[in-house]
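**Q** For reference, the structure I am asking about is given below.
The values are calculated or read from the model by the stated rules, or taken from the named source; none is laboratory data. The structure presented is a predicted model; accordingly, all values stated were derived computationally and were not measured. Here the Cβ positions follow ideal geometry from the backbone for every residue, glycine too, while neighbour counts run over all protein chains shown.
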Amino acid sequence: MSEFVFSDDRQLDSEIISLCIDGTISASRLLQYLESSDDIAVEEAFDSLKQNRITLDISDLPPVSLSGGSALRLKQEAQFTALDRITAGLDENDPLRLYLQELAATPAYGDLQQFAERYLSGEHHLAEPIVNLCLSRVVELSLEYTGHGVLLLDLIQEGSMGLWESIGAYEGGDFRAHADWHIRQAMARSVVVTAHYSGVGQMLRGAMEDYRDADQRLLTELGRNPTVEEIAEALHISPEECAALEKMVANARNMDSIKQSQKEPEPTPDDEQAVEDTAYFQVRQRIMELLSSLPEMDTRLLTLRFGLEGGKPMTPVQVGEELGLTPEQVVTREANALAKLRNQ
């Protein structure tokens with residue numbers, strides 16, 4: 001895919017929506033779509049997700065192969081499963097540990113839904129208490145997004161920004177569900193942006209092609225559908241990585257199937273004729289309505305002059321002979337009648 005910058009929001013929205021299934025877009029699909037995109041196009045794509053309230057699902061992303069200075073920390077954080085276990089093993093001055101301690105000491109009280117409704121009615125000073133009531137939820141949700149190359153503290157920061165955004169975007173209803181969507185979306189965006197700039201989209205495309213090739217080859221060799229374990233062995237990857245690829249391929253096939261079923265059938269000659277007949281009928285009806293407002297003589301004159309009843313158009317001389325008028329009278333009455341019709 002060539003590098004692109006969108007200037008037409010409607011075109012971008014249409015492109016993004018075409019990648020969705022039931023209001024959800026898979027991270028792998030989006031990454032392949034953004035594979036060679038520039039910064040502006042990436043930002044516009046995420047803005048389109050937000051404006052169309054399209055959920056970004058990262059569940060089909062394979063585990064990240066970690067390397068570099070932060071690899072050990074990312075691997076450690078990927079093992080966190082509960083809030084009360086996060087601080088275990090962290091240094092006393094670890095930024096994540098300090099943040100969680102600060103969060104635990106932050107007062108949070110009150111009815112979240114009631115605060116949200118009061119905020120909506122104009123009590124904007126309640127924004128901070130709302131945030132304080134939801135920050136522990138941000139940390140809880142952040143655990144679902146570990147293992148994809150983004151540090152937990154960064155996920156929490158992105159989720160907190162999503163929380164603040166949810167307050168401004170609130171228009172009523174269940175605030176917790178509304179906030180959860182924005183928090184998750186912000187974290188998923190962080191994961192996908194990181195993956196995008198790491199070239200994951202291109203790697204996923206290649207991995208999916210390898211998966212399809214291995215699947216087809218083993219199907220031929222074994223005479224049956226191969227298992228995930230057999231494909232994983234052929235590709236020299238773990239069963240978990242292979243399962244993620246299997247899901248991506250299934251999603252892609254599902255998307256292609258939906259797109260195919262949504263395609264409008266090509267019009268047949270009969271269909272086109274029906275449209276033409278309908279259009280002709282509508283125009284003819286409109287003409288008859290207009291003519292009915294004229295004196296009977298003028299209606300008859302125009303009908304003969306332009307062949308409105310299926311006959312050939314007549315000259316002024318022929319119309320005059322039919323109606324007992326001179327050619328000059330025909331021309332004059334025709335001009336006056338058409339002028340009346342134009343004013344309707």
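**Q** Residue by residue through the stretch 204-234, note down the ones that are more than 33 Å from the chain's Cα centre (by Cα) and not in a loop (DSSP other than H, G, I, E, B).
**A** Listed by number, the residues that qualify are ARG217, LEU218, LEU219, THR220, GLU221, LEU222, GLU229, GLU230, GLU233, ALA234.
**Q** Pairs needed: first member in the stretch 187-212, under 20 Å from ALA250 (Cβ atoms) and among the basic types (Lys, Arg); second member anywhere, at pLDDT below 80 and assigned to a helix (DSSP H, G or I); C-beta distance under 8 Å; at least 6 residues apart or different chains.
**A** Within 8 Å, the pairs are ARG212/VAL249.
**Q** Then there is this: Take the stretch 9-57 and flag every residue that is among the β-branched types (Val, Ile, Thr), out of contact with any strand residue (DSSP E or B) (no Cβ under 8 Å at 6 or more places or on another chain) and crowded, with 20+ Cβ neighbours inside 10 Å.
**A** Those that are among the β-branched types (Val, Ile, Thr), out of contact with any strand residue (DSSP E or B) (no Cβ under 8 Å at 6 or more places or on another chain) and crowded, with 20+ Cβ neighbours inside 10 Å: none in the stretch 9-57.
**Q** Residues being of a type outside the set (S, T, N, Q) and modelled with pLDDT of 85 or more: count how many of those fall in the stretch 291-318. Lay out the reasoning, then the answer.
**A** If we filter the stretch 291-318 for residues that are of a type outside the set (S, T, N, Q), which is where we start, we get 291, 294-298, 300-302, 304-314, 316-317.
From the residues that got through so far, the ones that are modelled with pLDDT of 85 or more too are 295-298, 300.
Of the residues in that region, 5 qualify.
**Q** Scan the stretch 250-262 and give yes if some residue there is at pLDDT 70 or above, assigned by TED's automatic domain parsing to the domain that holds GLY206 and within 30 Å of CYS20 (Cα to Cα), otherwise no. Let's see the steps before the verdict.
**A** In the first step, residues of the stretch 250-262 are kept if they are at pLDDT 70 or above; the result is 250.
Okay, now just the ones that are also assigned by TED's automatic domain parsing to the domain that holds GLY206, so 250.
From what's left, within 30 Å of CYS20 (Cα to Cα): 250.
Yes, there is a match, as at least one residue in the stretch 250-262 is at pLDDT 70 or above, assigned by TED's automatic domain parsing to the domain that holds GLY206 and within 30 Å of CYS20 (Cα to Cα).
**Q** Which condition from (1) over 20 Å from ALA108 (Cβ atoms); (2) hydrophobic (A, V, I, L, M, F, W, C); (3) more than 21 Å from the chain's Cα centre (by Cα); (4) part of a helix (DSSP H, G or I) is the one that TRP181 breaks?
**A** Every condition holds for TRP181 apart from (3).
**Q** For the stretch 105-126, which residues satisfy the criterion of being surrounded by 15 or more Cβ atoms within 10 Å (Cβ to Cβ) and aromatic (Phe, Trp, Tyr)?
**A** Hits for the stretch 105-126 are PHE115, TYR119.
**Q** Quick check, is VAL138 assigned by TED's automatic domain parsing to the domain that holds ALA78, surrounded by 15 or more Cβ atoms within 10 Å (Cβ to Cβ), of a type in the set (Val, Ile, Thr) and more than 30 Å from GLY199 (Cβ to Cβ)? Please lay out each step first, then the result.
**A** Numbers: assigned by TED's automatic domain parsing to the domain that holds ALA78: yes; surrounded by 15 or more Cβ atoms within 10 Å (Cβ to Cβ): yes; of a type in the set (Val, Ile, Thr): yes; more than 30 Å from GLY199 (Cβ to Cβ): no.
Answer is no for this residue.
**Q** Of the residues LEU301, LEU323, which is in contact with a Lys or Arg (Cβ under 9 Å, 6 or more places away or on another chain), farther than 21 Å from GLU289 by Cβ and assigned by TED's automatic domain parsing to the domain that holds LEU290? Please lay out each step first, then the result.
**A** Details: LEU301 fails: farther than 21 Å from GLU289 by Cβ.
Of LEU301, LEU323, the one residue that is in contact with a Lys or Arg (Cβ under 9 Å, 6 or more places away or on another chain), farther than 21 Å from GLU289 by Cβ and assigned by TED's automatic domain parsing to the domain that holds LEU290 is LEU323.
**Q** To continue, here is another question. I'm trying to understand the selection: among the residues of the stretch 93-104, which are farther than 16 Å from VAL138 by Cβ and exposed (fewer than 11 other Cβ atoms within 10 Å of the Cβ)?
**A** The one that is farther than 16 Å from VAL138 by Cβ and exposed (fewer than 11 other Cβ atoms within 10 Å of the Cβ): ASN93.
**Q** Another question, then. Would you say TYR145 is buried (at least 18 other Cβ atoms within 10 Å of the Cβ), over 30 Å from LEU61 (Cα atoms) and not charged (D, E, K, R)?
**A** Spelling it out, it is not the case that TYR145 is buried (at least 18 other Cβ atoms within 10 Å of the Cβ), over 30 Å from LEU61 (Cα atoms) and not charged (D, E, K, R).
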